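Bear in mind these aren't lab numbers, they're just calculated from the coordinates by the rules spelled out. This is a predicted model, so every value here is computed, not measured. Quick reminder, even Gly has a Cβ in these numbers, built from the backbone with ideal geometry, and neighbours come from all protein chains shown.
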Amino acid sequence: MALPRATFLLSARDQPGLVARLAGFFYERALNIVDGSDHVEAGDEGTARFFTRLVIELDDPRLARDAIERAFGELAATFDSTWSVGYSDRPSRIAILVTKESACLYDLILRQRQGELACEIPLIIGNHATLEPVAQSFGIPFSLLPITPDTKRAQEDRMLALFASHRIDLVVLARYMQVLTDDFLRAAPPVINIHHGFLPAFQGARPYHQARARGVKIIGATAHYATIELDEGPIIEQDVARVSHQMPIDELIRVGRDIERNVLSRAVRAHLERRVVVHDGRTIVL
């Protein structure tokens, strides 16, 4: 059985000795660093930023994790940093929000069941009942919360209550076709969204039809954190594919769906593996 691991993410003003001090902290506690990556974001003198991801093997499950976190926090405070830690034996709990499109939902569930996404999926929420049978087939609770202009605020409050009761750590919008309010986004756990890469040129319900009518040669998808600026949140993952005027619309949509589900799953995996740091509205993916 694999030993549990702790993954530390840290961001600090770049300065000499940071790597040595961090490595020394774990060395003094006989904790082995099994993976590490870092990046320095250049800037004017005194403004460069250091980012690091350190994976530590916890060879003794009786280790006092609270004590390690407290000591690490004291060290991190000496160089004015922000940091977080997660544990491999405490998988994140994901809520998936859906409307009618099933491709991304199926893909996320199957990858989770196959061990590609280290998480639990205790909740699926839909604003239509279309995908409830999918949730039922996998034994995942499904909550139907239809949205109208009059019910939007109340239904979002119900969603937040569900997140709390299911101890949700991450929300994934798997082609959820509703705009979330600012109040909801401020109160919710981190939210990852997926959209086709045509925005803002081809908005609306039929972007692939619009794109084909304009003769596009490349299509793509973008996964990003949802923020109060619609579809302008920090980008986690993107991909593209070349297309041809010879492709009928159903083939264009098929290619687009493939890109969307691959991009979304890669973004979710990066978040679950604690590889993403958001700084000044952009992401550093370590």
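Database remark: amide H of Thr283 closer than 5 angstrom to the amide H of Ile235 (H placed geometrically; neighbours at sequence offset of 5 or more, or on other chains; Pro and chain starts carry no H). For Rg and Dmax of the Cα atoms in Å, the candidate list reads (1) 21.0, 63; (2) 17.9, 52; (3) 21.0, 69; the entry that matches the value derived from this model is (1).
Proximity of backbone amide H atoms, modeled 1.01 Å from N, is registered between Leu117 and Gln112 at under 5 Å, excluding neighbours fewer than 5 places apart on the same chain.
Within the listed set Glu273, Glu251, Glu28, the residue fluctuating most in the Gaussian network model of the chain (springs between alpha-carbon atoms under 10 angstrom) is Glu28. Calculated from the alpha-carbon coordinates, the range 61-177 shows an Rg and a Dmax of 18.0, 53 Å respectively. Summing Cβ point charges (Lys, Arg +1; Asp, Glu -1) relative to the Cα centre of the range 1-137 gives a dipole of roughly 360 debye. Sorting the segments 265-271, 170-176, 90-96, 180-186 by their mean number of nearby beta carbons within 10 angstrom, highest to lowest, gives 170-176, 265-271, 90-96, 180-186. Summarising the amide proton neighbourhood of Arg13: residues at separation of 5 or more, or on other chains, whose placed amide H is nearer than 5 Å comprise Phe50.
The range 1-43 and the range 57-115 have Cα centres spaced 16 Å apart.
Over all other residues within a Cβ to Cβ distance under 13 Å of Leu180, the charged ones net out to -3, with Lys and Arg as +1 and Asp and Glu as -1. Charges were assigned to the Cβ only: +1 to each Lys and Arg, -1 to each Asp and Glu. The resulting dipole of the chain about its Cα centre is roughly 760 debye.
Packing here is the average count of other Cβ atoms within 10 Å per residue, and on that basis the peptides 141-150, 211-220, highest first, run 211-220, 141-150.
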